[in-house]
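Notes to accompany the following structure.
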Amino acid sequence: MKNRVPLIAGNWKMFKTISEAADTAKQLANLVSDVEDIDIMIAPPFTALAAVSEIIRDTRIDLGAQNLFWEKEGAFTGEISAPMLIAAGCQYVIIGHSERRQYFGETDETVNQRIKTASTAGLIPILCVGETETQRDDQKTFSVLDKQVTKGLESLILDEHHSLVIAYEPVWAIGTGKTASPDQVQEVHAFLRDLLEKQFGNMHANATRILYGGSVKPDNASELMALPDIDGALVGGASLKPDSFARIIHF
Ligand code: PGA
C-alpha cells in the first residue's frame, strides 16, 4: 500500500487560448467532481493561468505553470517570476521539461536555480528528468538521471513546508506513442527514490511523489499506476481533451 497521494498532472504545453483553456478546465472540473484521494493539476500556458484559476477555484483541481525565472522582478524581458505565478493562482511549477532542455538551453544548473526559487517561494516544483533514446541505447540511463537529479536538486532544502515532485519522462516516450514498459519505469523510479534517500533521507524520499510521463493514455494509466514506486503521471497530449484526461484521472 502506497502512503503517497497520487498526483495526475496535465501539461498543456503551448496549446489553448484563454477561452479554449477556460472551456477545457470547466469541462474537466465537471468530469472529475467525484474524484477523491487523488491530487489533480493542470498547467495551461501563462496567458490562461488567471482565467483557469478562477474556474477551478472551488474544485479539486490545482494550478501549475510550465516554467519560471529565478529573479523576483527586473529587466528580464519575456520572463515570469514565482510571485507572479503565485498571484495568478499557481501551486505547482514544472521545471526542466525535456522540451526546455532541448529547445531553450535549459541546463542542470539553471534547473537548480529555478527549483530552489520555486520552493523558497512556496510553489511545489515538479522536476522533470529523463534520458534520450541514444543515452538509453548506450546504457547511460542511470548516469544521466543521477546527474539530472543530483545537480538539479543541489542544496535544495526539504522540510514539512517544502515538498517536491519528480517526473520521470524518458525523452523517447514523449509525444511518440511509445511508453516505457512497466519494468523499465519501476526500475528507474526505484533508482530515483534511492537517489532521493541519499540526498534528503528516508522520510523525504518516501514522501516525494515520483510521476511517470511519456505517452500516458487512458488505456495504459492503470497498469503504470499499479507499480509500487509510481505516484502519478505527467500527461501531455492526452490531457488536452477533458474526457481522455478525466479517464486517466479515474484510472
Ligand atoms: P505526452 O507528453 O503525454 O504527450 O507524451 C508528456 C510530457 O511532455 O509531459
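Result for the chain in a Gaussian network model with C-alpha springs under 10 Å: among His162, His189, His97, the largest mean-square fluctuation is at His162. In a solvent-free Debye calculation with one equal scatterer on each Cα, what is log10 I(q)/I(0) for segment 91-162 at q = 0.18, 0.19, 0.20 Å⁻¹, listed in the order of the q values? The Debye formula, applied to the Cα set alone, gives -0.69, -0.75, -0.82. Cross-link partners of Lys241 among lysines, defined as those whose alpha carbon lies under 19 angstrom from its own and excluding same-chain residues fewer than eight positions apart: Lys13, Lys16, Lys26, Lys217. The residue list Leu7, Thr17, Gln135 was ranked by how far each Cα lies along the charge dipole of the chain toward its positive end, using unit charges on Cβ atoms, and Thr17 comes out on top. Averaging the sequence gap over all C-alpha pairs within less than 8 Å and six or more residues apart, then dividing by the number of residues, gives segment 1-125 a relative contact order of 21 percent.
Residue separation of Ser33 and Asp243 scaled by 0.36 nm, minus their Cα-Cα distance, works out to 74.3 nm of gained length.
When a/c is below 1.5 the answer is rounded, else prolate if a/b is larger than b/c, else oblate, so apply that to the chain with a ≥ b ≥ c taken from the square roots of the Cα gyration tensor eigenvalues. Don't skip to the end; give the middle numbers.
Values: a/c = 1.41, a/b = 1.11, b/c = 1.27.
Rounded shape, in that the Cα axes give a/c under 1.5.
The mean of 1/r over all distinct Cα pairs in segment 1-95, once inverted, gives the Kirkwood hydrodynamic radius of 13.9 Å.
So what is the relative contact order of the chain, in percent, for Cα pairs below 8 Å that sit 6 or more residues apart? Mind dumping the intermediate values first?
Working: 490 pairs, mean separation 53.1, N = 251.
Dividing the mean separation by the residue count of the chain yields 21 percent.
No lab work stands behind these numbers, since they all come straight from the coordinates. Note that the structure is predicted; figures quoted are calculated from it, not measured. Don't worry about glycine lacking a Cβ; one is built from the backbone with ideal geometry, like all the others, and counts go over all protein chains shown.
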